[in-house]
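Have a look at the structure below, then the notes.
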Amino acid sequence: MSIVDELNKTFGMTDQITFLSGPAGMAVVEIENSLGCASMALQGAHLVGFQAMGEQPLIWMSDEAVFAPGKSLRGGVPVCWPWFGPHATDSSLPGHGPARTVEWKPVASSSLEDGRTSISFEMVETDATRRQCAHPLRVQLHVTVGSTLQMTLETTNLGATPFTLGDALHTYFLVGDVRQAQVEGLDGCDYLDKVAGGKHTQQGAVTIASEVDRIYLGTGHSCAIVDPVMGRRILIRSEGSASTIVWNPWIEKTLRMGDLGPDGYLKMLCVETANAADDVVELAAGATHRLAVEYSSEAL
Ligand SMILES: O=P(O)(O)OC[C@H]1O[C@H](O)[C@H](O)[C@@H](O)[C@@H]1O
């Protein structure tokens, strides 16, 4: 029996959860019900699409994303774990940690009474992940698909000493034209500007007219992308997160990256729910931390 057949036998659910062999033979799972649909790659437990029934897609995925073992997909929802950005002390380790490029295994699936569908994954440790992070941890991603998308990244410290955890759901949202989009809900927050340098305070809504790469600190439980071109407001609710990254690579960085497509930057905006920079989590021995988001949209 193939791996996909085995997954379907154990976790598949008729008309709701189907595993299949996707691009480059990578296993993917389609999650579907009367409220919405989503698609995920098992590598990285990487969500590559979500759409509420009767609405436009919420998530942006690059046309030039490279589906290959060990390569993070450009777009969707990469899981950054157990650190965000460059490693704090060892620059030889991969940016955003190993979780987004290794296999995750499904551990549970269920159909909820209200019509939503849930599926949970656990990262599969490898020699490489253990070399990169020797501390014993368990990390699971719980995903619930309905008219909204809910994702919870759950980390448990299995060791006897505390662990300093950084993490992020590095979501690429689909926008009509990033030059006309705005992020609301960060007014008054301090941010670290990774492009211009320094620490600044946000005044009003965030607009994008050049490369933006900012870590907003001490952020609250909700923010929103206002998109007049698509005529919608994307609502981002979060728990267990103290920082929010707003990122758009703009033109020059797009050209250097090679997997974003020439005009991709106009159609995407990353608003990443995170624990990053100084806002990392001190996870006591035996403790569990949950970083949770819920995404939805409403007409303007
Ligand atoms: O190219 P990646 O490793 O996927 O990172 C993409 C981006 O992720 C985050 O938004 C960081 O703040 C950026 O500095 C980085 O460029």
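The values are calculated or read from the model by the stated rules, or taken from the named source; none is laboratory data. The model shown is predicted, which means the values in this text are computed figures rather than measured ones. Quick reminder, even Gly has a Cβ in these numbers, built from the backbone with ideal geometry, and neighbours come from all protein chains shown. Quick note on the areas: whole protein, heavy atoms, side chains included, nothing else; ligands and nucleic acids left out. Shrake-Rupley method; radii C 1.70, N 1.55, O 1.52, S 1.80 Å.
Non-local amide H neighbours of Met61 (under 5 Å, H modeled in plane, Pro and chain starts lacking H): which ones?
Sorted by chain and number, the residues that satisfy this are Gly76.
When the accessible area of the range 3-299 is split by element with a 1.4 Å probe, what percent falls to carbon and sulfur?
Percent of accessible area from carbon and sulfur atoms in the range 3-299: 49.
At a threshold of 8 angstrom on Cα-Cα distance, excluding pairs fewer than six apart, so keeping six or more, what relative contact order does the chain reach in percent?
17 percent
Please calculate how many Å² of accessible area the chain carries per residue, with a 1.4 Å probe and no DNA, RNA or ligand atoms counted.
Roughly 42 Å² per residue, with all protein chains present.
Taking 51 Å as R0, compute the FRET efficiency from the Cβ-Cβ separation of Leu112 and Arg256 and round it to 0.05. Walk me through the numbers before you get to the answer.
Details: r = 43 Å, r/R0 = 0.85.
Efficiency, from the Cβ-Cβ distance: 0.75.
Non-local amide H neighbours of Leu269 (under 5 Å, H modeled in plane, Pro and chain starts lacking H): which ones?
Those lying under 5 Å, H to H, from Leu269 are Phe173, Val175.
Under a point spin-label approximation (7 Å from Cα along Cα-to-Cβ), what is the Val195-Glu298 distance to one decimal in nm?
Label-label distance for Val195 and Glu298, simple model: 3.0 nm.
Considering the chain, what Rg and Dmax in Å follow from its alpha-carbon atoms?
18.4, 58
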